[in-house]
1. Which pairs turn up if I take residues in the range 1-30 that are among the hydroxyl-bearing types (Ser, Thr, Tyr) and look for partners that are assigned to a strand (DSSP E or B) with beta carbon separation below 7 Å, at least 6 apart in sequence or on another chain?
2. Select from the range 72-113 the residues that are without any contact (Cβ under 8 Å) to a residue 12 or more places away in the chain, closer than 25 Å to Gly41 by Cβ and either assigned to a loop (DSSP other than H, G, I, E, B) or aromatic (Phe, Trp, Tyr) (or both) and list them in ascending order.
3. Would you mention how many residues in the range 38-52 are acidic (Asp, Glu) and closer than 16 Å to Ala65 by Cβ?
4. Hey, can you tell me all the residues within the range 41-71 that are hydroxyl-bearing (Ser, Thr, Tyr), surrounded by 10 or more Cβ atoms within 10 Å (Cβ to Cβ) and in a loop (DSSP other than H, G, I, E, B)?
5. Test Ala88 against the criterion of being among the hydrophobic types (A, V, I, L, M, F, W, C), farther than 30 Å from Tyr2 by Cα, modelled with pLDDT of 95 or more and out of contact with any Ser or Thr (no Cβ under 9 Å at 6 or more places or on another chain), and give yes or no.
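The values are calculated or read from the model by the stated rules, or taken from the named source; none is laboratory data. Bear in mind that the values here come from a model prediction, so they are computed numbers and not experimental data. All Cβ positions, even for glycine, are placed from backbone atoms using ideal geometry, and neighbour counts span all protein chains on display.
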Amino acid sequence: MYDDDGRVTAVHVEREPEWTPDQVALVLGVTGFEQMLGPHGQPMDEATSPDADPSNPRGSHKYEAGKLTVTPEGAFVRLPIVDFAEKATKDAEDLWRKAAGENANPHGFMWPVEKVTRQ
């Protein structure tokens, strides 16, 4: 709005929402689901349920760790997956600990990992 001299006296702003209600619901749902997962990627209420207890004869399910892999001989085995970024972090921590001494305090240290092209 303007006054008689052409100066702005009021401004009305209508903002367009950045997210639709459906998008908000989706993000909240995914966030809630992710919060239920343990470090292994399984829902904690299922992973800690008596139904998952291997010693429970009436249990409904069990967990097996590792990636199911076929050996050259044709056998099925479960093998760990190597997280090479995490391995680089742990290797750097080990090198630092050797250089700094076993009594050095690494609490609070973070080891950023960078993806570097091989030469």
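1. Tyr2/Val8; Thr9/Tyr2
2. Phe76, Val82, Asp83, Phe84, Met110, Pro112
3. Initial filter on the range 38-52 (acidic (Asp, Glu)): 45-46, 51.
Now narrow it down to the ones that are closer than 16 Å to Ala65 by Cβ: 46.
Selection size over the range 38-52: 1.
4. Thr48, Ser49, Ser60, Tyr63, listed by residue number.
5. Against the criterion (among the hydrophobic types (A, V, I, L, M, F, W, C), farther than 30 Å from Tyr2 by Cα, modelled with pLDDT of 95 or more and out of contact with any Ser or Thr (no Cβ under 9 Å at 6 or more places or on another chain)), Ala88 qualifies.
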